[in-house]
Amino acid sequence: MGTDPFAPGVRVRTRATDPAGHTRLPRYARGAVGVLVEQAGRHPLADDRARGVPADPQPVWHVRFAAADLFGVGDHTVTVELWQDYLTPIEEAP
Amino acid sequence: MSDDHGSSVISAQVRHVESLLESRGLLDAGEIDTRIDEFLAGGSPANGARIVARAWVDPGFAERLLADANSAIREVGLSMAGGLQEQRLKVVANTADEHNVVVCTLCSCYPIALLGPSPGWYKSEAYRSRVVRDPRGVLAEFGVELPAGTSVAVWDASAESRYMVLPRRPDGTEGLAEDELAALVTRKGLIGTAVV
């Protein structure tokens, strides 16, 4: 049993809130459900760096979304690179 | 955004900060220009084209490139380590079933070392806002008409990775040498707004 809830294939929901300062969670991808594709290294959260707040490196993920889930229309996918802090794994029904 | 901003407020602010850093001895005069020149030196779409041509003639290299691009491009003498820190490179391959296109919706992130400075349209608000919503429409404006059965994958360079597209090798190029193949590869092909 793995204890890390973040792994390729896991469905995640992105943070929905609109922060006051800098963020790298694009507005169009907020509050959306996507799938983790792969980890793209570990980096300090850009939001914290922009505020001059110390930040430890954390996993950054390629998260793939269906366009229809983001925009209501479209048959393409959009893969966005997101810090783990932006993401909450979705509990799958047992 | 590719225009000259010499008289803009931000330029004045940057010059002011630069002069303060110089007056405190933290920066040599002209050091920023020198660093920018060093960063851009050698950056050209010819680098990306060379990587693509190698991938077309060497399936083993193509496999390594898609699995770990940073390591693979060292085999052809290239690197993503020209800046302050090595940037992760992700190469995405076009196939008969899927076409890839790259954008940076938040700003203009781009693999400068492999493609040179980005084109003006890549930095335009129109491209950045529209290609994630309607890539087929935007690609059609670039003259790319994809078959209905070809899916489209958009990659938003929103964090630390940089992306490059590995275009499909054109039909009828079996007899060409590697450097002749490289000459076929365009900058737009490496971004995904053209097929090669």
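Can you compute the charge dipole magnitude of the protein assembly as shown about its Cα centre, using +1 on each Lys and Arg Cβ and -1 on each Asp and Glu Cβ, nothing else charged? Give it in debye, rounded to the nearest 20. Can you show the working numbers first?
On the way: 29 positive and 39 negative charges, 105 e Å.
Charge dipole of the protein assembly as shown: 500 debye, to the nearest 20.
Could you tell me what percent of the accessible area of segment A:1-75 is made up of carbon and sulfur, with a 1.4 Å probe and every protein chain present?
52 percent
In whole angstrom, how far apart do the alpha carbon centroids of segment B:131-196 and segment A:13-35 sit?
Value for the Cα centre distance between the two parts: 28 Å.
GluC sites (Glu not before Pro), restricted to segment A:47-94: which are DSSP loop and have at most 14 other Cβ atoms within 10 Å?
Details: sites: A:GLU81, A:GLU91, A:GLU92; in loops: A:GLU91, A:GLU92.
Here the sparse-neighbourhood loop sites are A:GLU91, A:GLU92.
Suppose all protein chains stay in the model; what accessible area per residue would a 1.4 Å probe give for segment A:18-94, in Å²?
Working: 3700 Å² over 77 residues.
Counting only protein heavy atoms, the per-residue value for segment A:18-94 is 48 Å².
When only Cα pairs under 8 Å and 6 or more residues apart are kept, what is the percent relative contact order across chain B? Numbers along the way, then the final one.
On the way: 271 pairs, mean separation 51.4, N = 196.
Relative contact order here is 26 percent.
Across peptide B:158-165, what mean number of C-beta atoms from other chains lies inside 10 Å of a residue's C-beta? Working shown, then result.
Details: counts 14, 14, 9, 6, 0, 3, 0, 0.
Across B:158-165, the average partner-chain Cβ count within 10 Å equals 6.
Per the Cauchy relation, a quarter of the hull surface: what is the mean projected area of the convex hull of the alpha carbons in the protein assembly as shown, in nm²? Show your work: numbers first, answer last.
On the way: hull surface 74.6 nm².
For the protein assembly as shown, the mean projected area of the Cα convex hull comes to 18.6 nm².
Based on the Kirkwood radius over alpha-carbon pairs, what value in µm²/s does the Stokes-Einstein equation return for the translational diffusion coefficient of chain B at 25 °C and 0.890 mPa s?
For these conditions, the coefficient is 134 µm²/s.
What is the mean number of Cβ atoms from other protein chains located within 10 Å of the Cβ atom of each residue in peptide B:128-140, rounded to a whole number?
Values: counts 1, 1, 0, 2, 11, 9, 5, 6, 3, 1, 0, 0, 0.
Counting Cβ atoms of other protein chains within 10 Å of each residue's Cβ and averaging gives 3.
Determine Rg/Rh for chain A; Rg is computed over alpha-carbon atoms and Rh is the Kirkwood hydrodynamic estimate from the same atoms. Mind dumping the intermediate values first?
On the way: Rg = 13.6 Å, Rh = 13.9 Å.
In chain A, Rg relative to Rh is 0.98.
If I measure Cβ to Cβ between cysteines in the protein assembly as shown, which ones have no partner under 4.7 Å?
Those would be B:CYS107, since no other cysteine Cβ in the protein assembly as shown comes under 4.7 Å of theirs.
The values are calculated or read from the model by the stated rules, or taken from the named source; none is laboratory data. Because the structure is predicted, anything quoted here is derived from the model rather than measured. Glycine also receives a Cβ, built like all others from the backbone with ideal geometry; neighbour counts cover every protein chain displayed. Heads up: the accessible areas ignore ligands, DNA and RNA and are worked out on the full protein's heavy atoms, side chains in. Shrake-Rupley method; radii C 1.70, N 1.55, O 1.52, S 1.80 Å.
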